[in-house]
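The values are calculated or read from the model by the stated rules, or taken from the named source; none is laboratory data. Worth saying up front: this structure is predicted, and the values here are computed from it rather than measured. Here the Cβ positions follow ideal geometry from the backbone for every residue, glycine too, while neighbour counts run over all protein chains shown.
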Protein chains: 2
Amino acid sequence: MKIKYTLLKKDEKTDARRGILHTNHGDFDTPIFMPVGTQATVKTLSPEELKDIGSSVILANTYHLWLRPGELVVSKAGGLHPFMNYDGPILTDSGGFQVFSLAKNKKKDIVEEGVHFKSHLDGKPLLLTPELSIEIQNKLDSDIAMSFDECPPYPVTHEYMEKSVERTLRWAKRGKDVHKNENQSLFGIVQGGEFEDLRKHSAIETVKMNFDGYSIGGTSVGESKETMYKMIDDSVKYLPTDKPRYLMGVGDPIDILEGVQRGIDMFDCVLPTRIARHGNAFTKHGKINIRNEKFKEDFTPLDEACDCYACKHYTKAYIRHLIVCEESFGQRLMSIHNLRFLIKLTEDIRKSIEQDQFLEFKDAFIHNYKK
Amino acid sequence: MKIKYTLLKKDEKTDARRGILHTNHGDFDTPIFMPVGTQATVKTLSPEELKDIGSSVILANTYHLWLRPGELVVSKAGGLHPFMNYDGPILTDSGGFQVFSLAKNKKKDIVEEGVHFKSHLDGKPLLLTPELSIEIQNKLDSDIAMSFDECPPYPVTHEYMEKSVERTLRWAKRGKDVHKNENQSLFGIVQGGEFEDLRKHSAIETVKMNFDGYSIGGTSVGESKETMYKMIDDSVKYLPTDKPRYLMGVGDPIDILEGVQRGIDMFDCVLPTRIARHGNAFTKHGKINIRNEKFKEDFTPLDEACDCYACKHYTKAYIRHLIVCEESFGQRLMSIHNLRFLIKLTEDIRKSIEQDQFLEFKDAFIHNYKK
């Protein structure tokens, strides 16, 4: 069965919307933040811990799983869900982003067929094509797959981006044509960089192909915040209201609020777990670095307002000690906290939309966060 | 309140014994294996996971906690228990072993006062004395503290070992004289290397000081298994039956069985968690390395006979994938499994003593394990 999006409520003052996405592995409320389980594990966390922090959908990376352990191993295990002992909804990306960002020496050769590049692990030459990306994702058996797209660097010329958008459209069509897994939904991806006309063209042509949902790609590549928000505006307005919209790779709390305001339903990012491992924690008053000497004898939780396992049982002083000593339990406590912070943020956002208080909530959150 | 040892049953055919140790943070059954929480955390695990695997007492390292975060920070937190959110019994070592094994460039200067050495972290010159070791342990507020002893390398001459034993006896006395924490018990340590006369002398003189329990040190330093077992024999026979006996740094399953047979009640070792992080798992048929290619598509648990969280929910193929990718969740699953294996072993040992079947159990276990 394919996913189904139910729009519960549209905000009166903005494009924010409250919905539910129905999948074969359960429903989840939107807007939602999705933790990233790059290699079929959300770094440092168990599936039970993910449920404890309220996570209802996670992402896994096709590129990484293709290389290790290989999609055939996952397929023989019965797919990603049994392989990693996770029974909730799983989304896979196309591998495109990793090919463009991780390829050895970042050298790659983009041709009509796909992308030639070298493995970031052993330098082995590889070719990823739209068909292969879909085939791998079919075997991984995620609930939602992504079309294979080109992720151009920033900035590029209008001329380059135009060609790239056309190729991404052809790749989307080729991927859709070979997509066979009836229990897996497929999203199209809107590209076009910061060019309004190309975003429009990419969105309209992608929607014509009738995907199960739409992603907005090509943000968070070095552009200014204002440009990023405009990219969202220039894309979302051409997307149907009865399908979910997913802003890829965005996990900054303020960007999530700005995205929701523009009609985004789904977000993912490695940011909360990556910065956690380096000692950075979200708090309602912005980020803190727990390595700071001033926390050495601070026996209060990371964030007094937080209801996560780390904040309920551990102090800044203890977590600081663990992070300074590079103990993985410290990275785990920090990851739990940061993920809970973003998931709680989307819970609060959903409540605020239900109560027609989204803008007020957003302003108050940002006011506190920047204080 | 000090600890109290209750002897429940003595094996008829061997020196194996079944008992209970009563502490201010609960009782635990002996013989027992104690996971090592070097830096106030059992690497990769939460306190809840420790309880899940049946762990009833853990060890923490005085040397590491002295350096980071410092005993004063732990003391201000209210001691190790609140600092690390662990409410079960905690034992601390004296720091001696680490000073001898971790000192920068392994250079150290042993004088009557104590040991001059350089920090393994930053090379800073440090002096650890018997009094300071006890003072630090008092502040850490563990349930059981260890006397500061010299851990000579192996082999040394009888002449050197004799001097070392005398010094360790003087250090034990000095430490006992300054031990003030009425809620903390203090163990004496029997040294003497492989010399029967020195083990006897060390044991008798240490027992005269009337400690709350006795450790056997200086094993697992490179001697043969036969020599190690003889060191235990030569020490235990002079120890009182109404106090617990602790064989330090031993965690090999067969060594645990041999130790129990000789009257040992407590064991600790970093082995199960250290080898876990490198991909080695205990099974009833001996150790396996999960990195082995043959486990790539093995969708069975690490050990069919095991009841741990890792074996109940995850396959060798998945854990192999995590370990190969250096994902800490893999190290966590392996650590859970290996610790559960040793804790289950001591549970089975206790049952076998109760049922007058210890030797039969030991023989069957070893027969399987070496197969």
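Among the listed residues B:PHE365, B:PHE341, B:PHE361, identify the single one that is part of a helix (DSSP H, G or I), touching a Cys at 6+ places or on another chain (Cβ under 9 Å) and farther than 22 Å from A:GLN331 by Cα.
Values: B:PHE365 fails: touching a Cys at 6+ places or on another chain (Cβ under 9 Å); B:PHE361 fails: touching a Cys at 6+ places or on another chain (Cβ under 9 Å).
B:PHE341 is the lone residue from the list that is part of a helix (DSSP H, G or I), touching a Cys at 6+ places or on another chain (Cβ under 9 Å) and farther than 22 Å from A:GLN331 by Cα.
Check whether at least one residue in region B:324-334 is at pLDDT 95 or above, within 30 Å of B:VAL221 (Cα to Cα), within 14 Å of another protein chain (Cβ to nearest Cβ) and touching an Asp or Glu at 6+ places or on another chain (Cβ under 9 Å), and report yes or no. Yes, there is a match, as at least one residue in region B:324-334 is at pLDDT 95 or above, within 30 Å of B:VAL221 (Cα to Cα), within 14 Å of another protein chain (Cβ to nearest Cβ) and touching an Asp or Glu at 6+ places or on another chain (Cβ under 9 Å).
Looking at B:ASP234, B:ASP298, can you tell me which residue is at pLDDT 95 or above, buried (at least 16 other Cβ atoms within 10 Å of the Cβ) and touching an Asp or Glu at 6+ places or on another chain (Cβ under 6 Å)?
Values: B:ASP298 fails: touching an Asp or Glu at 6+ places or on another chain (Cβ under 6 Å).
Going through B:ASP234, B:ASP298 in turn, just one is at pLDDT 95 or above, buried (at least 16 other Cβ atoms within 10 Å of the Cβ) and touching an Asp or Glu at 6+ places or on another chain (Cβ under 6 Å): B:ASP234.
All told, A:TYR318 meets the bar of being without any contact (Cβ under 8 Å) to a residue 40 or more places away in the chain, within 18 Å of B:PRO47 (Cα to Cα) and within 14 Å of another protein chain (Cβ to nearest Cβ). Taking region B:292-335 as the range and being out of contact with any Lys or Arg (no Cβ under 8 Å at 6 or more places or on another chain) and β-branched (Val, Ile, Thr) as the test, the residues that pass are B:THR315, B:ILE319. Report yes if some residue within region B:112-122 is more than 14 Å from chain A (Cβ to nearest Cβ), surrounded by fewer than 16 Cβ atoms within 10 Å (Cβ to Cβ), farther than 30 Å from B:ASP52 by Cα and at pLDDT 95 or above; otherwise report no. Taking every residue of region B:112-122 in turn, at least one turns out to be more than 14 Å from chain A (Cβ to nearest Cβ), surrounded by fewer than 16 Cβ atoms within 10 Å (Cβ to Cβ), farther than 30 Å from B:ASP52 by Cα and at pLDDT 95 or above.
Could you tell me which residue of region B:194-235 is nearest to B:GLY259 (Cα to Cα), considering only residues that are part of a helix (DSSP H, G or I) and of a type in the set (Val, Ile, Thr)? For region B:194-235, the residue satisfying everything is B:ILE232. Taking region A:87-162 and the strands (runs of 3 or more DSSP E) fully enclosed by it, the elements with 2 or more residues that are in contact with a strand residue (DSSP E or B) (Cβ under 9 Å, 6 or more places away or on another chain) and free of Cβ contacts under 8 Å to residues at least 60 places away in the same chain are at A:108-110, A:115-118, A:125-128.
Kindly indicate whether B:LYS351 is in a helix (DSSP H, G or I) and more than 11 Å from every other protein chain (Cβ to nearest Cβ). Yes. Scanning region B:301-315 for residues that are more than 10 Å from chain A (Cβ to nearest Cβ) and surrounded by fewer than 17 Cβ atoms within 10 Å (Cβ to Cβ) yields a total of 3. Of everything in region A:298-312 that's touching a helix residue (DSSP H, G or I) at 6+ places or on another chain (Cβ under 7 Å) and aliphatic (A, V, I, L, M), which residue is nearest to A:ILE288 (Cα to Cα)? Per the criteria, the residue is A:LEU302.
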